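I have placed the structure first, in the form of structure tokens, so that the comments after it can refer back to it.
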Amino acid sequence: MVAVTSRTGLRIRTTWRWVILLFVGFYLLLPMVAMLDFSTRGAPGTRSLESWTSIPSSPGLIEGIVASLELAVLSVLGTMVLLVPTMVWVHLRVPRLRRSMEVVCLLPLTIPAIVLVVGIAPIYKWVTFFLGGSPLTLTFVYMVLVLPFAHRAIDASLRSVDVVTLSEAARTLGASWLRTLVGVIIPNIRVGIMSAAVISIALVLGEYTIASLLNFDTLQPVITLIGKRDAGVSVAVSLAALIFAFLLLIALPTSDGMRAAGETVD
Amino acid sequence: MVGSGKSVAVRLVELRRYFGPVKALDGLSIDIAPGELVALLGPSGCGKTTALRALAGLQDLDSGQILVDGQDITFSRTNRRDMGMVFQAYSLFPHMTARENVAYGLKLRARRKGSADRARKATELLELVGLETHADHYPHQLSGGQQQRVALARALAIEPTVLLLDEPLSALDAKVRSSLRDEIRRIQLEVGTTTLFVTHDQEEALGIADRVGVMKSGVLEQIAAPAELYDRPKTAFVAEFVGLTNRLPCEVHDGVVELLGSRVPVLPGSVGSGKALALVRPESVAVTVDDQGTGRVVHAGFLGSLCRVSVDLATGESVVAQMPSTEASRLGPGSTVTVQIKPQPVFAKAAE
């Protein structure tokens, strides 16, 4: 009797899981399907790929895409180079500063983008004075913008492994601090680093407010401009960017999970 | 052939390390002979792990000197000290196989130029700890005992001057702990590396070490061979911390105490005269069935080859005796017995 009840309970729970999964899937996919529908509309009653095929010839679009991709790469690299060693150092040497560091890293999340722009606009006058007007100078502000997300992901990874013991083991075996960081710690927090990278890329590709207010032609401001002339192309590019970010989100953790998969013995 | 071929002496001289008001090390000095295995034993917070970490270079000192093979390494960096260490927590690098873990130190030191040489050496070490068939397993595919064996192989692979074992068995279950303890001793004797072993488990310390040092509040109370430490403790703390003891009130006269009708000599370091508490080992207590006796057995615990018997005396005290199970067959709860103390020296501390 008990077995039958528990089996029924399991079936109900499984069914509910599927219902929730389908609901969430529908909620996420519906706008994308709508975007696909809108961007492939041709003459009434027909389908056309014109919006998609005209992407390369849209003025400023390719430049905007390239700038955003370069920004994404530079922001991720800059953030990781600054954040990973700092977080490891705080974790190993001054763990009492962990809380303060978390608060500092979360600040960009609590400050509205518009306020951030007002604050950094005078600084950017100097940045453009010294480094020129390239959109790539946005790297500095984007590195700040992605801090909360990158910090969260890396911090979770650092907490999930015994970094102190691993680094001490490496040190006793003869590793310098740099080799300990590169050869032992980073490979063991790679999941966090990848998650941080993926979230940062998605955030940079989707960032509009700061780029627009500081007058840089990155992907999102360009899409907005195109949208005023040709909504179909604008939606096609938005959908492509969204799919790219989705694929990244799925691909990186999956490839890492496949490497880490294995039988556990205890 | 595994092993460095050269055993070195280690000297810790007047090591001091204070954490605020806490004295983790308070003038600790130990001499370890080449090839010797010394165990540091003591309760939590006594400073034993701090001493080991100081030797490894993982803990800064306020003062003191560390000499290895006559060379002062007090201020040497951890990665330059040539010491192999096995940690209490599992410390294998999760992203490397057992073989890669063992070869890691060799790769860093480039003593073995080619990767084939390193792999062969790593396999040799894995054979030494009986895990050559697990060479390509990742740490999460190994049990706790296997992980600690690989950690031991990894520590030995670099042919360390000194091997440091920081409670490597404490996370393991009793059976694995016992077998791995014996294995560590076998391997240590085979490679001949000078070894410092830290533990809070006295059975482990007494069972594995050439000498055992008992620490309390950053101070070395006594360091001696296990049998001497057990039979001839020099301080009350050592007498009470190592093994079981009965605490019997007594009076010391001219280095002798009278305990339950027996005159027993006191050990050096005991109080010279006056009221005292005699610390008597359970195996020094003889219990015999006697209808005219003044003691009553309250409990007889079977421990396999041994039996532990608790007896309430007419004077109000309780004593615990330990004897071969064959001698305890007639003793059960309620038995009337006579209790005597065997004429072996006991430690007497000042009465509280």
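Look at segment B:31-52 and say how many of its residues are of a type in the set (A, V, I, L, M, F, W, C) and either assigned to a loop (DSSP other than H, G, I, E, B) or touching a helix residue (DSSP H, G or I) at 6+ places or on another chain (Cβ under 8 Å) (or both).
First, the residues of segment B:31-52 that are of a type in the set (A, V, I, L, M, F, W, C): B:32-33, B:37-41, B:46, B:51-52.
Narrowing further to those that are either assigned to a loop (DSSP other than H, G, I, E, B) or touching a helix residue (DSSP H, G or I) at 6+ places or on another chain (Cβ under 8 Å) (or both): B:33, B:37, B:39-41, B:46.
Matching residues across segment B:31-52 total 6.
Note on segment B:331-344: residues that are surrounded by 15 or more Cβ atoms within 10 Å (Cβ to Cβ) and not in a loop (DSSP other than H, G, I, E, B) amount to 5.
If only residues of segment B:112-151 that are assigned to a loop (DSSP other than H, G, I, E, B) and facing chain A (nearest Cβ under 10 Å) are counted, the one that is nearest to B:ALA174 (Cα to Cα) is B:SER143. When the residues of segment B:16-52 are filtered to those that are of a type in the set (D, E, K, R) and surrounded by fewer than 22 Cβ atoms within 10 Å (Cβ to Cβ), the one that is nearest to the chain's Cα centre (by Cα) is B:GLU36. Looking at segment B:255-274, which of the residues that are within 28 Å of the chain's Cα centre (by Cα) and in a loop (DSSP other than H, G, I, E, B) is surrounded by the fewest Cβ atoms within 10 Å (Cβ to Cβ)? Filtering first and then ranking leaves B:PRO268.
Residue by residue through segment B:56-78, note down the ones that are touching a helix residue (DSSP H, G or I) at 6+ places or on another chain (Cβ under 7 Å) and without any contact (Cβ under 8 Å) to a residue 40 or more places away in the chain.
Selection gives B:GLY57, B:LEU58, B:THR78.
Can we say B:GLN222 is more than 15 Å from B:ALA276 (Cβ to Cβ), among the polar types (S, T, N, Q) and surrounded by fewer than 20 Cβ atoms within 10 Å (Cβ to Cβ)? No, not satisfied. Pairing residues of segment A:183-205 that are under 20 Å from A:LEU74 (Cα atoms) with residues that are of a type in the set (Ser, Thr, Tyr), at Cβ distances under 7 Å and at least 6 apart in sequence or on separate chains, gives A:VAL191/A:SER157; A:GLY192/A:SER157; A:SER200/A:SER75; A:SER200/A:THR79; A:VAL204/A:SER68; A:VAL204/A:SER75; A:VAL204/A:TYR142; A:LEU205/A:SER68.
The residues in segment B:79-88 that are within 7 Å of another protein chain (Cβ to nearest Cβ) and either among the polar types (S, T, N, Q) or free of Cβ contacts under 8 Å to residues at least 60 places away in the same chain (or both) can be counted, and the count is 1.
As a summary of the residue check, B:GLY105 satisfies the conditions (1) at pLDDT 95 or above; (2) within 12 Å of chain A (Cβ to nearest Cβ) except for the one numbered (1). Here B:LEU61 fulfils each of the conditions (1) facing chain A (nearest Cβ under 7 Å); (2) in contact with a strand residue (DSSP E or B) (Cβ under 9 Å, 6 or more places away or on another chain); (3) not hydroxyl-bearing (Ser, Thr, Tyr) apart from (1). Filtered by the rule that a residue be of a type in the set (Ser, Thr, Tyr) and over 17 Å from A:VAL81 (Cβ atoms), segment A:138-161 gives a lone residue, A:SER160. Could you tell me whether B:SER76 is more than 9 Å from chain A (Cβ to nearest Cβ) and over 25 Å from the mean Cα position of the chain (by Cα)? It is true that B:SER76 is more than 9 Å from chain A (Cβ to nearest Cβ) and over 25 Å from the mean Cα position of the chain (by Cα). Taking segment A:180-208 as the range and being among the polar types (S, T, N, Q) and either within 14 Å of chain B (Cβ to nearest Cβ) or in contact with a Pro (Cβ under 9 Å, 6 or more places away or on another chain) (or both) as the test, the residues that pass are A:THR180, A:ASN188, A:SER195. None of B:GLY64, B:GLY130, B:GLY114, B:GLY70 is on the phi > 0 side of the Ramachandran plot and modelled with pLDDT under 90 except B:GLY130. Close Cβ contacts (under 6 Å, 6 or more residues apart or on different chains) running from residues in segment B:163-176 that are away from chain A (no Cβ under 12 Å) to residues that are surrounded by fewer than 19 Cβ atoms within 10 Å (Cβ to Cβ) comprise B:GLU167/B:GLN88; B:SER170/B:GLN88. Criterion first (in contact (Cβ under 8 Å) with a residue 60 or more places away in the chain, over 18 Å from the mean Cα position of the chain (by Cα) and in the same structural domain as A:SER176 (by TED's automatic domain parsing)) does A:VAL164 satisfy it? Here the answer is yes, as A:VAL164 does meet what is asked.
The residues of segment A:164-216 that are in contact with a helix residue (DSSP H, G or I) (Cβ under 6 Å, 6 or more places away or on another chain) and at positive phi amount to a single one, A:GLY174.
Of all residues in segment B:166-178, exactly one satisfies the criterion of being in a helix (DSSP H, G or I), modelled with pLDDT under 85, surrounded by fewer than 17 Cβ atoms within 10 Å (Cβ to Cβ) and of a type outside the set (D, E, K, R), namely B:ALA174. Here is the figure for segment A:121-132: residues that are more than 13 Å from A:LEU213 (Cβ to Cβ) and in contact (Cβ under 8 Å) with a residue 12 or more places away in the chain total 1. Assessment of segment A:30-39 against the conditions (assigned to a helix (DSSP H, G or I) and over 17 Å from A:ALA236 (Cβ atoms)) yields at least one matching residue. Tallying residues that are crowded, with 24+ Cβ neighbours inside 10 Å and hydroxyl-bearing (Ser, Thr, Tyr) within segment B:82-114 yields 2.
The values are calculated or read from the model by the stated rules, or taken from the named source; none is laboratory data. Remember, it's a predicted structure, so these values are computed and weren't measured experimentally. When we count neighbours, we look across all protein chains shown, and the Cβ atoms used for this are built from the backbone with ideal geometry, even at glycine.
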